[in-house]
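What follows is one structure encoded as structure tokens, with my remarks underneath.
Each reported figure results from applying straightforward, stated rules to the coordinates on display, with no laboratory input. These numbers were taken from a predicted model, which means no experiment stands behind them. Cβ coordinates were reconstructed from backbone atoms using ideal geometry, including for glycine residues, and neighbour counts include every protein chain displayed.
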Amino acid sequence: MHTSNRLLLLSALGAIGATARDVPTNVRNFYNTAKSAGTCSNKLATGFYANDDGPNTFSYCGDHLADYNVIYIKGAGTAFVDMDIDCDGTQGSSADDGRCGSSGDTQSITSFQDTVKGYNKGIKDLDANIHPYVVFGNEGSKSGWKTFNPQSYGIKPLSIMAVVCDDKLIYGIWGDENGDDGDKPMVGEASISLATACYGKTAVNGNKGHDATDVLVIAFPGTDAVPGASGATWGASSYATFESSIEALGNKLIARIGGGTTTTSSTSKAATTSTKTTSNVACSWAGHCEGASCTSDDLCDGNLKCTEGECTPVGCSWALHCAGPSARAEICVMKT
């Protein structure tokens, strides 16, 4: 095989891997439990539609704010949301394959354009063909119009979101909001790149989405869910490159769900858990306790800090060699 052909094949395989992540056990259990639970109990806002001709029974659900610190959208019965296609943002990039041309409501701007531009990563806005963003939240000024502001519940612009679709787990970002330019307040929309990762290139275009209300979208309140300017490849030229750049943070965030430490990867490896010897430092944030992987202090529980890529007690400079019932004096190092 010629080197050039080999590189093309490897590139293609990498792109496929990024769209074929298995749903880890804790997220699958969450999906099934929420699905069977029916309408959520703690409705942060309700009265939204997934389809123009459907019921207005969809709600932003806070049933698991206290235990998992997540917000999701749930309808009545077993319904989650559908996935309409959003092509808003930068137009005409090299990643644009023409499928957005059939959209009749494309806008050349997304809700957080100023923040994206302020990252100074060579782009002025999100590109629906590259960035897997979720349309989340509802704004509007029409009389009686149903609204929901995710920021009122700690969800930050451009924070990581998790999407379960077609038995896959996709990581995206909160990148746009639903407006009041239509007849009804709608939910259930994502960028064309995210929808393509879910259902394939031939299944979706600017005017054709996924109609079944079986898509679970999960938002994560807190600054630790924000990759920031340096935590993602914002200037990527492909979906695969961008989505893989947020995978590590996505894996950390889904560990909140079920209070587990389950991780997954784009190579569809089985979910794994691990147990490490730790001290008795109290921790109230599942998945961010002592021994958890981290890239900054913001990814560790309030009683901990990030040391050499792992959450450790304050005052410890050597991860996993800190004060605790299993620590030995000769291998412990404490800052003075």
Query raised in the report: Could you give the nm distance between label points at LEU65 and SER102, where each point is 7 Å from its Cα heading toward the beta carbon?
Result: 3.9 nm
Query raised in the report: Would you list SER103, SER36 from fewest to most Cβ contacts within 10 Å?
Result: SER36, SER103
Query raised in the report: In vacuo Debye scattering of the stretch 25-258, one point per C-alpha: log10 I(q)/I(0) at q = 0.11 Å⁻¹?
Result: -0.49
Report summary line: Here the relative contact order (percent) of the stretch 25-258, from C-alpha pairs under 8 Å and at least 6 apart, is 26 percent
Report summary line: Simple spin-label estimate for ASN29/THR223, 7 Å along Cα→Cβ, in nm, reads 3.2 nm
